[in-house]
Structures are given as C-alpha cells and as structure tokens.
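Have a look at the structure below, then the notes.
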Amino acid sequence: MKVAVTAERPDWDAPVDPRFGRAMSFLIVDTEARTLEAIDNSSGRDAAQGAGIQAATTISRSGAKALLTGHCGPKAFSALSAAGITIYTGVTGTVAEAIDRLNRGDLATASTSDVDGHWA
Amino acid sequence: MIVAIASGKGGTGKTTVATSLALAAGCQVRLLDCDVEEPNCHLFLDAPPGEEEIVCLPVPVVDPDRCTACGVCGEVCQFNAIAALPDCALVFPTLCHGCGACTRLCPEDAIHESRRPLGTVSTARVGTVELITGRLTIGEALSPPVVRAVRGRGDGSGTVIVDAPPGTGCPVMASLHGVDVAILVTEPTPFGLHDLTLAVQAVRQLDIPFGVVINRAGCGDDRVQEYCRTEHIPILLEIPQERRIAEAYARGRPLIEAFPEWREPFVELLTNVAKLARTGARPPFARTATGGAQ
C-alpha cells in the first residue's frame, strides 16, 4: 500500500513534520516494497491560503491511501476524507519509525481534524 | 474629482480629514466609507441607517454528474479554493475570491456560480453629503469585493471623497483604484513615518498624485517633515495635537463643526488637492488654521 508521510527532509531518518499543509516535503512510501518517493512542498509552504487543501490534492493524486502526519486542520481533513484517504494524526519520531508503527497496527486513525485552520 | 484619504498607519485621522473635507465642500459631495471592516464616518455625520444592498461574491458549484474530475478547476484556481481530487472536485467557498476562472475554463461545463453574501452597502443623505457605507459581515475575511461595491457608487461627476482603510493591502488598493488624487494622513511619530513610506510607495506605483496631512502635529518629532522635504512631497495641512480636538473627536463631532476656524483650511485643502489632481504639481505652502503660509 502507498502511504504519505509529512517529513522535514526527504529521507527515512527524517523527523515526521508536525505540519500537514505546510510540511517541508511529502514522502510517498510503498510499505511492501519499502521504497520512498519525495514530493517537495515549497508551493504549499509559500501558499497564501489553502495549503492544506492543496496538500490533500497532491496526496490524493499520488495514489496514497493513508496519511501519517502531526496535525490536520478541518479543510484538509474534509478534502482527504472525500478522497477516501485514511488519516493518522499525532504521529511523531522518524519516517521509518512511523511506518513501522503503522505496520504493527500501533497507530489509531483520526475521525476528525485535531487543530483549527491556520495552525502554525 | 475623486479624492482618496489613505494612510499606512491606522488611527492617524483619515476619518477626521474625510468628514471635514466633505463638509467643507459646500456643495453636493459623495463620501464613500471604504473602511468596510470598521466603517465610522456615519458616527461623525450622525447619519441615519440607510437602505442596505447586499454585496455577493460569485462562487463555484460543481455538478457531480457532469464533472469528470479532469482537475482543470483546481489547477486554474490561484486561491486553493478547489480540491481537484481523483474522483471529484470539492469547493471551499470561504477561500474563493470569485475570479470565475474555474467556471469559464471547465471543459465539461460542469460548474455554475452561486452568490455568497459578504456584506452590505448602504446610502444615507446628511445635508449636502451623500454617505455611502460598506460593511463586511462579521466573520468574513474577504473585504475587497465590498470595497469595490462602495467604490462603484463613486464614479461619474461631482466631488467624491473616499475614506480608505489603513494599510497598503488589497482593500486599500481596491479603494485607490481609479482615484484622481490621494491625501495620505500621518502622525509625526516613528510608526507614522514608517507606515507613511509604505503608503507613498503604494500611491507612487499606482501613479496617483498625492500630498500629506500631518495630524497631531507636535506630538512627536520632525522626521515626517524631513522625509516629505527630501521626497518632494507636499505637506497640505497640519492639524496640531490638542486636547480639545481629541475631545470633540471622542464625542463624534466633525472637526470643522466643532471648531469653525478649521473650515477655511479644509476649503483650501480641497482647492489644493483639486490642483494636484489636475496638474500633479506641488502646492507651495502648508497652512494651519491660525498660521497661514509657513
């Protein structure tokens, strides 16, 4: 399965970026093949508004079926939900650790946004 | 002639200048309160609540039966107001600026526009002044469409005075669009000077002739005067820092009604800005109520 992780750098040992829409980059991880594809998010970081919506569009078009991140606001949450993406918030540690925890079933899915818009 | 009263810094005296200028005109004028987030000219003119018209923004509605999820609407939206997802397009109306690109460029003709109310424009008549007030609905963030609706009432003939919002952002640009001349109101403080320089850059980019009014003169230092001299910006009027002026303001009384000796300087201010509007040239002298030419 393809999973998107927000990351501060495009590598396995990078910390999970707590921001979704304005994350440094999105890593699209193939959990079976253990491969990683990085999508730079400079356009989202610099967006005047709607960074979360733009990020949700990017993630949904990457083919990812789940998202691991720190926090997710209401507009991003509704866009991701409409795209059928499973959302995990409150994820910390490195990208590799986050994927391991997902594989072990240690992460709980989010049923609602966990922050207001314009967080951080 | 359309005169805009603007400033970088807030609270420098735009409304004081705008209302007294409107009352000094001595003929029919239109006063446009474009500070739609907190309009206050009506408080000084004691204007009755006028007839209100609702200002709406056209926002897209996607027909899911026609949408093929091609993604064009999301690509053309400069405001991230549409999430073009793999199976559908999701609209976020509060982010939409109403540009209409998605509606026009949708290849499936799957988007039509609905109208989202943003605020109101009302008109009231007080003596020789026709006051047009814009009001952004509380909780809304997008003020330029309401500002444009107010400005739209100020075209054509006669004297129009535009009370602009503070700052140099989009609502200010919407207020200044198409005016003939601008008065930048500032105060002689470091903040006043800093924000004046931003306002000067804005009006210069818009190529609008302008001059400066210094309010609360004497409360700070003379760096604003020095700056205006260096930049060849005319100082059109100085209103001194006086407790009695502040008291009249706090009671909602227009300056020239509370202190009739200020009528003449405002009549002259209007004459001088009319000259600026015609020629773009610099009037030679600043005046005060008592001092005459300096």
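Counting only residues that are of a type in the set (Gly, Ala, Ser), more than 20 Å from A:PRO15 (Cα to Cα) and either away from chain B (no Cβ under 14 Å) or in contact with a Ser or Thr (Cβ under 6 Å, 6 or more places away or on another chain) (or both), segment A:74-99 holds 1 of them.
What residue, among those in segment A:16-28 that are in a strand (DSSP E or B) and touching a helix residue (DSSP H, G or I) at 6+ places or on another chain (Cβ under 8 Å), is surrounded by the most Cβ atoms within 10 Å (Cβ to Cβ)?
Among those residues, the one meeting the criterion is A:LEU27.
Of B:ARG104, B:ARG116, all but one fail to be assigned to a strand (DSSP E or B) and more than 11 Å from chain A (Cβ to nearest Cβ); the exception is B:ARG116. Scanning segment B:192-213 for residues that are touching a strand residue (DSSP E or B) at 6+ places or on another chain (Cβ under 8 Å), among the aliphatic types (A, V, I, L, M), under 17 Å from B:GLY280 (Cβ atoms) and outside any helix (DSSP H, G or I) yields a total of 2. When segment B:178-201 is filtered for residues that are out of contact with any Phe, Trp or Tyr (no Cβ under 8 Å at 6 or more places or on another chain) and crowded, with 21+ Cβ neighbours inside 10 Å, the ones remaining, listed by number, are B:VAL179, B:VAL185, B:THR186, B:GLU187, B:PRO188, B:GLY192, B:ASP195, B:ALA199.
To keep it simple, each residue is scored yes or no on (1) over 10 Å from the mean Cα position of the chain (by Cα); (2) more than 8 Å from chain B (Cβ to nearest Cβ); (3) crowded, with 24+ Cβ neighbours inside 10 Å.
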residue: A:ASP30; (1), (2), (3): yes, yes, no
residue: A:SER42; (1), (2), (3): yes, yes, no
residue: A:ALA48; (1), (2), (3): yes, no, no
residue: A:ALA51; (1), (2), (3): yes, no, yes
residue: A:ALA55; (1), (2), (3): no, yes, yes
residue: A:ALA64; (1), (2), (3): no, yes, yes
residue: A:LEU67; (1), (2), (3): no, yes, yes
residue: A:HIS71; (1), (2), (3): no, yes, no
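When segment B:119-165 is filtered for residues that are under 12 Å from the mean Cα position of the chain (by Cα), in a loop (DSSP other than H, G, I, E, B) and over 24 Å from B:ASP46 (Cβ atoms), only B:SER143 remains. Condition first: at positive phi and without any contact (Cβ under 8 Å) to a residue 60 or more places away in the chain. Now tell me which residues in segment A:23-67 satisfy that. Passing the criteria: A:ARG34, A:GLY50. The condition of being more than 11 Å from A:THR6 (Cα to Cα), within 14 Å of chain B (Cβ to nearest Cβ) and touching a helix residue (DSSP H, G or I) at 6+ places or on another chain (Cβ under 9 Å) holds for A:SER113. Among (1) closer than 18 Å to A:ARG34 by Cα; (2) surrounded by 16 or more Cβ atoms within 10 Å (Cβ to Cβ), where does A:ASN103 come up short? Status for A:ASN103: all satisfied but (2).
Scanning segment B:31-76 for residues that are buried (at least 21 other Cβ atoms within 10 Å of the Cβ) and among the charged types (D, E, K, R) returns B:ASP33, B:ASP35. Inclusion of A:LEU102 among residues that are out of contact with any Gly (no Cβ under 9 Å at 6 or more places or on another chain), away from chain B (no Cβ under 14 Å), closer than 16 Å to A:SER113 by Cα and of a type outside the set (Val, Ile, Thr) is not warranted.
Let me confirm something: among A:GLY90, A:GLY70, which residue is in contact with a Pro (Cβ under 7 Å, 6 or more places away or on another chain), farther than 19 Å from B:GLY74 by Cα and at pLDDT 95 or above? It is A:GLY70.
Here B:ASP35 meets the list (1) within 14 Å of another protein chain (Cβ to nearest Cβ); (2) of a type outside the set (Lys, Arg); (3) closer than 25 Å to A:HIS118 by Cβ almost entirely, failing just condition (1).
The values are calculated or read from the model by the stated rules, or taken from the named source; none is laboratory data. Keep in mind the model is a prediction, meaning the values are calculated, not measured. Methodologically, a virtual Cβ is constructed for each residue, glycine included, from the backbone with ideal geometry; neighbour enumeration extends over all protein chains shown.
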